[in-house]
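Worksheet: the structure to be examined is printed underneath.
The values are calculated or read from the model by the stated rules, or taken from the named source; none is laboratory data. Fair warning: this is a prediction, and the values are worked out from it, not measured in the lab. Here the Cβ positions follow ideal geometry from the backbone for every residue, glycine too, while neighbour counts run over all protein chains shown. The area values use the complete protein model at the heavy-atom level, side chains included, leaving out ligands, DNA and RNA. Shrake-Rupley method; radii C 1.70, N 1.55, O 1.52, S 1.80 Å.
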Amino acid sequence: MDNILYILYDRIRWDEKAIIKAAQRKNVPVKQIDLKRVLWSLQPENDTGIAGFALQRAVSYFRGLFSTAVLEKKGIRVVNNFEVSLITGNKLLTSLFLTEHKIPMPSTFVTFDLKYALDALDKLGYPQVLKPIYGSWGRFVALLKDRETASTILDLFEDRGPLYKTVYLQEAVDRPNRDIRSFVIGDEVVTAIYRYAPPGDWKTNTARGGRAEKCPLTDELVDLSLKVAEVLGADILGIDLMETKDGLVVHEANHNTEFHTTVPTTGVDIPGLIVDYMVNLMKR
Amino acid sequence: MNAICPECYANLEISDDVVVGEIITCHECGVELEVVDTGSGMITLKVAEAMDEDWGE
């Protein structure tokens, strides 16, 4: 058994550095693996120099997903695993999964042609939220208020490649000017924040300048967050929820969750808890 | 510790707790730089990878 914590990365952000520092504080040996500089055989032998357990922290979704796939085939336990990463990195698959497990989520539709999408929007009615099925930080997420706006944005998607031709449309949920991000590590919700949209915007992503505030862990929030993590089989998960008049709905789950805003907002040592979780996995 | 920006050759002062893979912004030219080596008291930097569409959580 290898007791080294391998951190798979392509870019050391505040979050990854905090994990490395937490491991050092706890005397857990860490080895950083730069995924931009590996050459691995796709035969069964393990020539990666990695053994035991690895924490996947690649910023690039596909780099993380595919490196996880290779490592799992070589017998390495990667957190989060391939299936969790595959589903949560794809909004369409996430929605299908949430629906399958009866987790409340906004009404969501898909269509597979940018031209037909305008007709589809006429049937659904405005406003709708258009989201690329991949990507983060609110990039290219658009609130379509009318046909003219929709037409302009869908035209812009034409040249962005095949992934943009899967048109994912979600109801514009009547919510306060905030959403909730909860953090699950193992079988515990360790903290949550409200994410407020910055002035003049409706997107709540803190990467876009949104403000954060500590969110109380209500029974509903804890139960729903744990259910999402449990049915996915996730080790570590960031879950995005919205408050509606009928209760909370889940609109996203993040397998490689960031916490650079949450740690100073809540005082909860998420990087330390991640290291503790990995160490416990290694001891089993 | 010190390093040279590979883009504009500015002399950069860098925190002692820097780790390989960390991203630093050059105060002169503003380019994002990745730390590739911290050995033997000298820090080596390269221009960091630009953001791609699949970046994020």
(request) Filter the trypsin sites (Lys or Arg not before Pro) in the stretch A:162-269 down to the DSSP loop ones having no more than 11 other Cβ atoms within 10 Å, then list what survives. (result) A:LYS245
(message) Residue by residue through B:12-20, how many Cβ atoms from other chains fall within 10 Å of the Cβ on average?
(response) 2
(request) Could I have the simple spin-label model distance between A:ASP174 and A:MET282, label points 7 Å from Cα toward Cβ, reported in nm to one decimal? (result) 5.2
(request) For chain A, calculate the relative contact order in percent as a whole number, restricting contacts to Cα pairs under 8 Å that are 6 or more residues apart. (result) 18
(request) Using only the Cα atoms of the stretch A:174-274, build the gyration tensor, take square roots of its eigenvalues as a ≥ b ≥ c, and label the shape rounded, prolate or oblate: rounded if a/c is under 1.5, else prolate if a/b is larger than b/c, else oblate. (result) oblate
(message) Out of all DSSP beta bridges in chain A, what portion is antiparallel? Express it as a percent rounded to 5.
(response) 75
(message) I want to verify a result. In a Gaussian network model of chain A, Cα cutoff 10 Å, which of these has the top mean-square fluctuation: A:ASP119, A:ASP187, A:ASP179?
(response) A:ASP119
(message) Contact order normalised by length for the stretch A:108-171, with contacts defined as Cα pairs under 8 Å and 6 or more residues apart; what percent is it?
(response) 52
(message) What do you get for chymotrypsin sites (Phe, Trp or Tyr not before Pro) in the stretch A:95-176 restricted to DSSP loop and a cutoff of at most 12 other Cβ within 10 Å of the site's Cβ?
(response) A:PHE112
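Largest first, what is the accessible-area ranking of A:LEU39, A:LEU114 with a 1.4 Å probe?
On the way: A:LEU39 160, A:LEU114 10 Å².
Descending accessible area places them as A:LEU39, A:LEU114.
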(message) Please compute the average number of Cβ atoms from other chains found within 10 Å of each residue's Cβ in peptide A:233-240.
(response) 0
(request) Compute the projected area of the convex hull of the Cα atoms of the stretch A:108-171, averaged over all viewing directions, and report it in nm² to one decimal place. (result) 3.7
(message) Can you tell me which aspartates and glutamates have their Cα less than 14 Å from the Cα of A:LYS227? Leave out same-chain residues fewer than eight positions away.
(response) A:GLU100, A:ASP187, A:GLU188, A:ASP219, A:ASP235, A:ASP240, A:GLU252
(request) Quote the total accessible area buried by chains A and B together, excluding ligands, DNA and RNA, probe 1.4 Å, nearest 100 Å². (result) 2100
(message) Compute, for the protein assembly as shown, the length of the dipole vector about the Cα centre, with Cβ point charges of +1 (Lys, Arg) and -1 (Asp, Glu) only. Units Debye, rounded to 20.
(response) 320
(message) I'd like the distance between the alpha-carbon centres of the stretch A:215-284 and the stretch A:138-182, rounded to an integer number of Å.
(response) 25
(request) Would you work out what percent of the accessible area of the stretch A:108-171, with all protein chains in place, is carbon or sulfur (probe 1.4 Å)? (result) 57
(request) Pull out a ≥ b ≥ c, the square roots of the eigenvalues of the alpha-carbon gyration tensor of the protein assembly as shown, then state rounded if a/c is under 1.5, prolate if not and a/b is larger than b/c, and oblate in the remaining case. (result) prolate
(request) At a Cα cut-off below 14 Å, give the aspartates and glutamates reachable from A:LYS115, other chains included and same-chain residues fewer than 8 away excluded. (result) A:GLU148, A:ASP155, A:GLU158, A:ASP159
(message) Less than 15 Å apart at the alpha-carbon level, and either on another chain or at least 8 residues along: which aspartates and glutamates does that give for A:LYS73?
(response) A:GLU45, A:ASP47, A:GLU83
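When the solvent-accessible surface of protein heavy atoms is calculated with a 1.4 angstrom probe, in what order do A:LYS17, A:LYS102 fall, highest first?
Ranked list, largest accessible area first: A:LYS102, A:LYS17.
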(message) Give me the 1.4 Å probe accessible area per residue for the stretch A:170-255, excluding ligands and nucleic acids, in Å².
(response) 42
